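Take a look at the structure set out below.
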Amino acid sequence: MLRDLNPYNPGSGLTPPALEGRGAEIDAFDLLVARSHAGAPGRGMVLHGLRGVGKTVLLNAFARHADAHGWFIVPVEGRATKAGHLAARQKLVRSLGMAARRFAGTASRTQRVVDALRSVTSFSVSFGGAALELGVEPFKGRADSGNIDIDFEELMEDLAPALREQGGVFGVFIDEMQDLDSELLSALLAVQHKAGQESWPFYVVGAGLPSLPSSLSEARSYAERLFDYRHIGALDVVAARAALEVPATRLGASYSEGAVQVLLSASGGYPYFIQTFGKAAWEAGEGRVISVEAAENAVTEGTYSLDVGFFPARWDRATPAERNYLRGMALDGESGSATSEIAGRLGSRPSSLTPARAKLIEKGIIYAPERGRVAFTVPGMAGFIHRQHDIWAEE
Ligand SMILES: Nc1ncnc2c1ncn2[C@@H]1O[C@H](COP(=O)(O)OP(=O)(O)OP(=O)(O)O)[C@@H](O)[C@H]1O
Ligand SMILES: [Mg+2]
């Protein structure tokens, strides 16, 4: 086994050696891109699911595909804190400016194109604090009121005719969309709404936690109709097997059937865990065929590496009160908990636990699948909490 060639790639947003099991989503997105060029009005797309299922990887694959088909890509990432909200806005302005510059580079300099670039410049002064160098003066009185709702719409009103004239499409790709500030989110939804009505070549493509669809509906009641919502979950058995086996096969290695079973069952089909256990199995394997024994060692090693990396990345961000809440939840395993039940368990009034719950939701560690219930956003979190004896001994 050539250890240096380990093909597996566990890590946030890291491109997997084989992107398996997402054919339906990829086909749907390819169709969206094809339709966008035909001028057909379309909806954007929203990917939602637990941590580590491959939303970022899929969103990036979409963005690459759209870019290769001539879209102007505007990447943005939501972040939950106040500073993060500001950073996301600045990133939006910068990305928009870069996309506008690429557009200017390919478009002929018609009046519509000049107006569009002037509007982007105004918008960048209002929200980015500095004019982008697009070689035009700001458009006075357009996209510069300082109110993002109005300005974003005016910007698109000026940009859309130019895009249409030149056959261009703008796509805003937003990761961690649940963490955008609510004003920016509402503005984006309003523009996507208008884009559908007016056939503007503008699409929002987002990814985020399972709660994302309901937060979008709360922000704008029509959000339900704006997007093709896709739940991204664990891989099915066939895809999970391929995600594990294909990278090894390419390098002339393979797994015994027993080893595949051990690794797939430990991973639960979750892409992050498949990469982690695959990587550990490659390291544990000797010879060209990875044995059951190597797979079992890999599960031990892989679990250890998750316990010092993937899980603490969340656990360590919780305060003592929040950790107490998480412990209360862990007793229900992975299936989620009734909030009233947790309160009973912790001997507290439900209202006194509300701040801890709200903070954990804001930090993206738990979410509310329905009223009165909470669940971990991180698959395997309950198991992790149970494995940590010192976590139970704390405080
Ligand atoms: N379809 C897939 N097949 C195989 N591996 C995958 C697949 N999708 C993602 N992965 C791997 O899973 C890991 C997690 O992917 P990614 O970071 O995209 O997940 P995520 O859903 O965005 O997680 P988070 O919610 O924490 O941001 C990465 O190591 C990636 O290489
Ligand atoms: Mg992600």
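Every number here is computed from the coordinates shown, using simple stated rules; none is lab data. This structure is a prediction, so every number in the text was calculated from the model and none was measured. Note that we place each Cβ from the backbone using ideal geometry, even for glycine, and neighbour counts take in every protein chain shown.
The calculated 222 nm mean residue ellipticity attributable to helices in the chain amounts to -18000 deg cm²/dmol, summing -39500 (n - 2.57) over DSSP H runs of n ≥ 4 and dividing by all residues.
Which residue fluctuates the most in the chain, going by a Gaussian network model with Cα springs under 10 Å, if the choices are ILE174, ILE232, ILE342? Comparing ILE174, ILE232, ILE342 in the GNM, the peak value goes to ILE342.
Kirkwood radius and radius of gyration were both taken over the C-alpha atoms of segment 236-308, and their ratio Rg/Rh is 0.92.
Take every DSSP beta bridge with both residues inside the chain and express the antiparallel ones as a percent of the total, to the nearest 5. If we restrict to bridges inside the chain, about 15 percent are antiparallel.
On full extension of the chain, what length is gained from ASN147 through LEU5, given 0.36 nm per residue of separation minus the C-alpha to C-alpha distance? Mind showing how you got there, number by number?
Working: separation 142, 0.36 × 142 = 51.12 nm, distance 5.19 nm.
Contour length minus the Cα-Cα distance gives 45.9 nm.
Are any of the pairs LYS82/LYS194; LYS91/LYS363; LYS140/LYS359; LYS55/LYS82; LYS55/LYS91; LYS140/LYS194 more than 30 Å apart by Cα-Cα distance, and if so, which?
On the way: LYS82/LYS194 28 Å; LYS91/LYS363 21 Å; LYS140/LYS359 42 Å; LYS55/LYS82 24 Å; LYS55/LYS91 20 Å; LYS140/LYS194 23 Å.
Over 30 Å Cα-Cα: LYS140/LYS359.
Applying the Kirkwood pairwise sum to the alpha-carbon positions of segment 198-282 produces a hydrodynamic radius of 15.6 angstrom.
Electrostatic tally near ALA382: other residues with Cβ closer than 9 Å to its Cβ, Lys and Arg +1, Asp and Glu -1, net -2. Size check on segment 270-335: the Cα extents along the three principal axes, sorted descending, read 49, 21, 18 Å. Sparsely packed loop sites in segment 117-220 (the GluC sites (Glu not before Pro) outside DSSP H, G, I, E and B with at most 11 other Cβ atoms within 10 Å) comprise GLU133. Put simply, the C-alpha atoms of segment 23-231 give a gyration tensor, and the ellipsoid matching it has half-axes of 25, 20, 15 Å, longest first. A viscosity of 0.890 mPa s and a temperature of 25 °C, combined with the Kirkwood radius over C-alpha pairs in the Stokes-Einstein formula, give segment 1-131 a diffusion coefficient of 140 µm²/s. Sorted fewest first by neighbouring Cβ atoms within 10 angstrom, SER124, SER215, SER335 come out as SER335, SER215, SER124.
Across segment 143-154, coupling constants 3J(HN,Hα) worked out from phi with the 6.51/-1.76/1.60 Karplus curve, θ = phi - 60°, read 6, 9, 6, x, 9, 4, 4, 5, 5, 5, 5, 4 Hz, and Gly and Pro carry x. Cα extents for segment 253-395 along the principal axes, largest to smallest and rounded to whole angstrom: 58, 30, 22. Rounded to the nearest Hz, the phi-derived 3J(HN,Hα) couplings of segment 233-238 under the Karplus curve 6.51 cos²θ - 1.76 cosθ + 1.60 (θ = phi - 60°) are x, 4, 6, 6, 4, 5, where x marks glycine and proline. Label sites at ASP30 and VAL237, each approximated as a point 7 angstrom past Cα along Cα to Cβ, lie 2.7 nm apart.
Which of LYS140, LYS55, LYS279 comes first, and how do the rest follow, when ranked by fewest Cβ neighbours within 10 Å? If you can, show how the numbers build up before the last one.
Details: LYS140 8, LYS55 26, LYS279 21.
Placing the least packed residue first, the sequence is LYS140, LYS279, LYS55.
Compute and list, largest first, the equivalent-ellipsoid semi-axes of segment 97-214 from the alpha carbon gyration tensor, each √(5λ) rounded to a whole angstrom.
Details: eigenvalues 117, 53, 32 Å².
Three semi-axes, in Å: 24, 16, 13.
With a simple spin-label model that places each label point 7 Å from the Cα along the Cα-to-Cβ direction, the separation between VAL246 and ALA338 comes to 4.4 nm. Note on SER256 and ASP307: the model spin-label points, each 7 Å out from Cα along the C-beta direction, lie 2.5 nm apart.
Pick out, in residue order, every one of the GluC sites (Glu not before Pro) in segment 233-339 that is DSSP loop and has at most 14 other C-beta atoms within 10 Å; say none if there are none. Sites meeting the loop and neighbour criteria: GLU286. The orientation-averaged projected area of the convex hull spanned by the Cα atoms of segment 320-393 comes to 4.5 nm².
Ordering of 21-33, 87-99 by packing is 87-99, 21-33, highest average first (other Cβ atoms within 10 Å, averaged per residue).
In summary, the convex hull built on the alpha carbon positions of segment 177-231 has an orientation-averaged projected area of 3.5 nm².
The residues neighbouring PRO138, those whose beta-carbon lies less than 13 Å from its own, together hold a net charge of -4 under the Lys/Arg +1, Asp/Glu -1 convention. Distances over 35 Å make up what percent of all Cα-Cα pairs in the chain? In whole percent, the long-distance tail amounts to 36. Could you point to the residue in ALA318, LEU306, LEU244 farthest towards the positive end of segment 234-318's charge dipole, with +1 and -1 charges on the Cβ of Lys/Arg and Asp/Glu respectively? So the residue we want is ALA318.
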